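One structure is given below, encoded as C-alpha cells.
Where a number appears in this text, it was derived from the coordinates with a stated rule and is not lab data. Fair warning: this is a prediction, and the values are worked out from it, not measured in the lab. Methodologically, a virtual Cβ is constructed for each residue, glycine included, from the backbone with ideal geometry; neighbour enumeration extends over all protein chains shown.
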Amino acid sequence: MQNKKNEKELEEYLKIGITLFLTLSSVIVFFFVIYRFDSFADISAKLIRTGQPIIIGAAIAYILNPVMKFWEKQIHKIAPKFIKDEKKEKGFTRALAVTASITVFIILIFLLIASIVPATMESISNLISRFPTEMRNFTKWMTKLLQSDSRASEVAKTTMNKVTQEFEKWTKGDLLPQIQRYLTQITSGVVSIVTGFFNCFIGLIVAIYLMGIQEQLKGQSKKIIYAIFKPKTANELIEIIRHSNSIFGGFITGKIIDSAILGVICYIGCLFLNIPNEILVAVIIGVTNLIPFFGQFIGAVPTLLITLIQSPIHALYLLIFMVILQQIDGNIIGPKIIGNTTGLSSFWVMFSILIFGGMFGFVGMLLGVPIFGVIYYLVTKVVNNILRKKELELETTAYIDVVKVDEKTNDLVYEKLNDQKGDNKSSREKKNENFLIKKIKNKDKNSNSEKDKK
C-alpha cells in the first residue's frame with residue numbers, strides 16, 4: 001500500500017517536473033527566437049505596431065472600467081422609471097455609462113494638456129534662458145558661503161564658471177546646429193505625431209466597443225477555458241485570472257489616482273511656499289510617483305536641482321516639503337487608495353522594479369510590481385497546495401527554526417531551546433503542538449464527515 005502511494009507521488013512529481021521543464025524550454029526558445037533572429041523581431045515589431053490601437057484601446061477600457069461601472073450603477077437607479085423593458089433599459093444604461101466615462105476621460109486629458117503642457121514648456125524655456133544668469137548668482141552665493149575657506153571657494157567658483165561657459169558654448173555651438181538639422185526631420189516627426197493621434201482615436205473607439213461587450217467577452221473566455229480544461233483545472237485557472245485582475249486593477253488604478261492627488265498637493269504646496277516653476281515641479285513629482293518605491297527619489301533629484309540653481313533657500317523648503325509629502329503619501333494616501341494589493345514586501349517590490357526596469361525600461365518599472373505580484377501569488381499557491389497534500393504547516397514563520405521534518409508523521413521538528421522564563425518548551429515548539437492539535441482535529445472532522453456520508 002505504501003509502495004503504491006510512493007509510486008503515485010513519484011508519478012505526480014514527474015509530471016510536474018516535465019511540465020515545468022517544457023514550459024521553461026518553451027520560454028527560452030521563444031525569447032531566443034525573438035531576440036536572436038532579426039526576421040522574427042521585425043515580425044513581432046510589425047505586429048505590435050499594427051495592433052497598437054487595440055493595445056491602447058484595451059488599456060483605456062481597463063482603466064476606465066471602474067468609472068463606467070460607477071456611472072452604470074448611478075444611471076440604473078433612475079433608468080427603470082422611464083424604460084420598462086429590462087433589456088432595453090440595460091442597453092441604454094450601458095451606452096450612457098460608456099459615453100459618460102469616455103467624455104470624462106477626454107475632458108481630463110484635454111484639461112491636463114491645456115493647463116500643464118504650455119506652463120511646463122514655458123518653465124523649461126525660461127529655465128534655459130535664465131540658466132547662465134542663475135549660475136552666476138549661484139556662484140556668487142557659493143563664494144560668499146565659502147569665504148572662510150579660500151581654496152574651496154576658488155574651486156567652487158572655477159567649477160561654476162566652467163559649467164556656465166560649457167552650457168553657453170553648447171547652446172550656441174551645438175544646440176542651434178542640431179535644431180537646424182532636426183528641422184529637416186520635421187516631416188517624419190509630424191507623420192509620427194499624426195499616427196499617434198490616429199492610434200489614440202482608434203483606441204478610444206476600441207475601448208468603447210470593449211466596455212460595451214465586456215460581459216460577452218468574459219463569457220466567451222470562460223466557455224473556451226471550460227472547453228479545453230477539466231472543470232477542476234478550469235476553476236483554478238479562472239480563480240488565478242480573477243486574482244491577477246484584482247492585483248493589476250487595484251494597483252494600476254490606485255497608483256494613477258494616488259499620483260494625481262500627490263501632484264495636486266505638491267502644486268498647492270509649491271504655490272504656498274513660493275517655489276519657482278511650481279507646475280513643472282508638480283508634474284515631475286506626480287509622474288515619477290507612478291514608479292513604486294524609487295519614484296519619489298527619482299523625482300526629487302531634478303526638482304531640487306532646478307530649484308537650487310534659482311533659489312537655494314527655496315530648494316531647502318522644497319526638500320523639507322517633499323520629505324513631509326513622502327511621509328503623508330506613504331502612511332496615509334497610498335495605503336488608503338492602493339492598500340497592499342500585490343501582497344509583496346518592500347524587498348520584493350524593490351527586486352521586481354530593478355529586474356523588470358532593467359529588462360523593459362520605464363514600462364517595466366511601472367508594471368513590474370503587479371506582474372511580480374501575480375508570479376509571487378502563483379508560486380505561493382503551488383507551494384501551499386503541495387504542502388497541504390503532505391499535511392505540512394502552511395505558515396512561513398513555522399519553518400524558521402525547523403531542524404527537520406519527521407519522515408513518519410510529517411511533523412515539524414524544532415531545536416530544543418529554553419525560554420527565558422525557564423519553560424522547557426520554546427515558542428516554536430508550542431506553535432508546532434498547536435498545529436498538531438489542529439491537524440488531529442481536522443482528521444477527526446474528516447473521518448466523522450465520511451461516517452455521516454456512509
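Mind checking the full-extension length gain between Lys390 and Ala260? Use 0.36 nm per residue of separation minus the Cα-Cα distance, one decimal, nm. Walk me through the numbers on the way to the answer.
Working: separation 130, 0.36 × 130 = 46.80 nm, distance 4.80 nm.
Value of the extension gain: 42.0 nm.
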Worksheet item: How far is the Cα center of the range 318-374 from the Cα center of the range 216-267, in Å?
Response: 19 Å
Response to the item:
Ranked output for segments 100-109, 201-210 by mean other Cβ atoms within 10 Å, highest leading, reads 201-210, 100-109
Discussion item. Quick one: 3J(HN,Hα) in Hz for the range 50-63, Karplus 6.51/-1.76/1.60 with θ = phi - 60°, rounded, Gly and Pro as x.
Written reply: 5, x, 4, x, 5, 5, 4, x, 5, 5, 5, 5, 5, 6
Worksheet item: So if R0 is 45 Å, what FRET efficiency would Gln74 and Ser345 give, r being the distance between their Cβ atoms, rounded to the nearest 0.05?
Response: 0.70
